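> Mind having a look at this structure? Questions to follow.
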Amino acid sequence: VTFRGVHHVGFAVTDLDEAVETYALLFGATVEHRDAVADQGVEAASVLVGASRIELLVPTGEDTPVGRFLAKRGPGMHHVAYEVDDVGSALAGLRHAGAELIDQVPRHGLFGLQVAFVHPDAVHGVLTEVVCPA
Ligand code: CO
């Protein structure tokens, strides 16, 4: 499987409108997508800063993965996502390499992406996502 590079970096925020505004004001970011995914407990915006993509995430409740993250760590960097040509093959390779996976099979992520998460313990403390654009 080929890792093509960083697809986006995800940040946990407490107010999505404010965060989008901040990125526009400070870095000239433009909104690429905005989406709420109830079953993932998250509302998100992907913004583009030049050629790079930032995913801003606000939880829909406290008892959600991002809600628990915010309660424990506060706002800030949440995960990094690498683009691959096939998430299933990437997971097979990661599993073969002994990496602990959060998602055993690819699932539908934000913005129509196919995604899977790798446990931060496998990547020196960094929650890592592999994504394939649909
Ligand atoms: Co992401």
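> So is Glu21 at pLDDT 95 or above and crowded, with 17+ Cβ neighbours inside 10 Å or not?
Answer is no for this residue.
> Now for a separate question. I'm trying to understand the selection: among the residues of region 117-134, which are within 14 Å of Phe3 (Cα to Cα) and modelled with pLDDT under 95?
If the condition is that a residue be within 14 Å of Phe3 (Cα to Cα) and modelled with pLDDT under 95, then Pro133 is the only one that fits.
> Please enumerate the residues belonging to region 88-134 that are among the basic types (Lys, Arg) and away from the ligand (no atom under 14 Å from the Cβ).
Arg95
> I've got another one for you. What do you reckon, is Ala29 buried (at least 19 other Cβ atoms within 10 Å of the Cβ), within 12 Å of the ligand (Cβ to nearest atom) and at negative phi?
Taking the combined requirement at face value, the residue does not satisfy it.
> Give the residue that is nearest to Arg107 (Cα to Cα), with candidates limited to residues of region 36-64 that are open to solvent by 50 Å² or more (accessible area, probe 1.4 Å) and among the charged types (D, E, K, R).
For region 36-64, the residue satisfying everything is Asp39.
> Quick one: in region 44-62, which of the residues that are assigned to a strand (DSSP E or B), free of Cβ contacts under 8 Å to residues at least 40 places away in the same chain and touching a helix residue (DSSP H, G or I) at 6+ places or on another chain (Cβ under 6 Å) is farthest from the ligand (Cβ to nearest atom)? Outline the logic, then answer.
Restricting attention to region 44-62, the residues satisfying the condition of being assigned to a strand (DSSP E or B) are 44-49, 52-59.
Remaining after also requiring free of Cβ contacts under 8 Å to residues at least 40 places away in the same chain: 45, 47-49.
With the extra rule that they be touching a helix residue (DSSP H, G or I) at 6+ places or on another chain (Cβ under 6 Å), the set shrinks to 45, 47, 49.
Details: Ala45: 12, Val47: 13, Val49: 15 Å.
Across region 44-62, the extreme among qualifying residues is Val49.
> Still on this structure, I have one more. Of the residues Glu100, Glu83, which single one is surrounded by fewer than 15 Cβ atoms within 10 Å (Cβ to Cβ), modelled with pLDDT of 95 or more and either over 20 Å from Phe11 (Cα atoms) or out of contact with any Asp or Glu (no Cβ under 7 Å at 6 or more places or on another chain) (or both)?
Values: Glu83 fails: surrounded by fewer than 15 Cβ atoms within 10 Å (Cβ to Cβ).
The unique qualifying residue is Glu100.
> Show me the strands (runs of 3 or more DSSP E) found entirely inside region 65-134 where at least 1 residues are touching a Lys or Arg at 6+ places or on another chain (Cβ under 9 Å) and aliphatic (A, V, I, L, M).
Of the strands (runs of 3 or more DSSP E) lying wholly inside region 65-134, those with at least 1 residues that are touching a Lys or Arg at 6+ places or on another chain (Cβ under 9 Å) and aliphatic (A, V, I, L, M) span 76-84, 114-118.
The values are calculated or read from the model by the stated rules, or taken from the named source; none is laboratory data. Owing to the predicted nature of the structure, the values given are computational and were not obtained by experimental measurement. Using ideal geometry, Cβ is built from the backbone for each residue, glycine included, and neighbour counts are taken over all protein chains shown. Just the protein is used for accessible areas: all its heavy atoms, side chains included, with ligands, DNA and RNA removed. Shrake-Rupley method; radii C 1.70, N 1.55, O 1.52, S 1.80 Å.
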